[in-house]
Amino acid sequence: MEPDDLDVALAVRMSMSIPVFFEPVRFENPKTGREHLIVDGGMLSSFPVWLFDAPEPLRPTFGLKLVEPDPRAPLAPEAPGVLGYLRSLVDTMMEAHDRLYLEEHDFARTIPIETLGVRTTEFGLSAKKAARLHESGRLAAERFLDGEHVRVS
């Protein structure tokens with residue numbers, strides 16, 4: 001299967017298959033006929049900017065990375081009960097790898113956007129909080145394009 005053969009809506013649905021929050025996508029490989037369960041790739045690394053590299057790129061690849069500026073801040077808030085525990089576990093799994101490891105050459109082409117405390121699985125954002133996060137992204141892009149690229153852990 002070629003990438004252009006995959007429906008964009010299906011690819012988006014696959015990319016948001018966060019365990020505990022959304023059901024995995026069942027996908028049959030057209031070449032082998034085998035069925036696969038697809039979960040969000042962020043479970044291993046939520047920032048694989050290297051995937052878009054090519055031997056001779058026609059244009060540079062840039063990444064947008066939501067970051068928590070305080071490396072000591074908890075990855076997930078404590079929540080009561082089994083469901084709260086599972087949610088915290090998933091949040092931690094999705095954030096920990098990339099928070100601790102992002103290669104310098106990948107970071108040089110990355111626009112770090114401060115999360116303002118918004119978590120990956122925080123689905124019910126208020127309009128005010130969403131606007132603040134949008135502004136955080138706009139300011140980060142301006143700083144990056146102006147050459148003010150500072151490392152945020």
Item to check | Heavy atoms of E142 accessible to a 1.4 Å probe, total area in Å² rounded to 10 | outcome: 90 Å²
Item to check | Under-5 Å amide H pairs with I111, H placed in peptide plane, nonlocal only | outcome: G63, L64, K65
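The values are calculated or read from the model by the stated rules, or taken from the named source; none is laboratory data. From a predicted model like this one, the values you see are computed outputs, not experimental measurements. Keep in mind that these areas ignore ligands, DNA and RNA; they rest on the heavy atoms of the full protein, side chains included. Shrake-Rupley method; radii C 1.70, N 1.55, O 1.52, S 1.80 Å.
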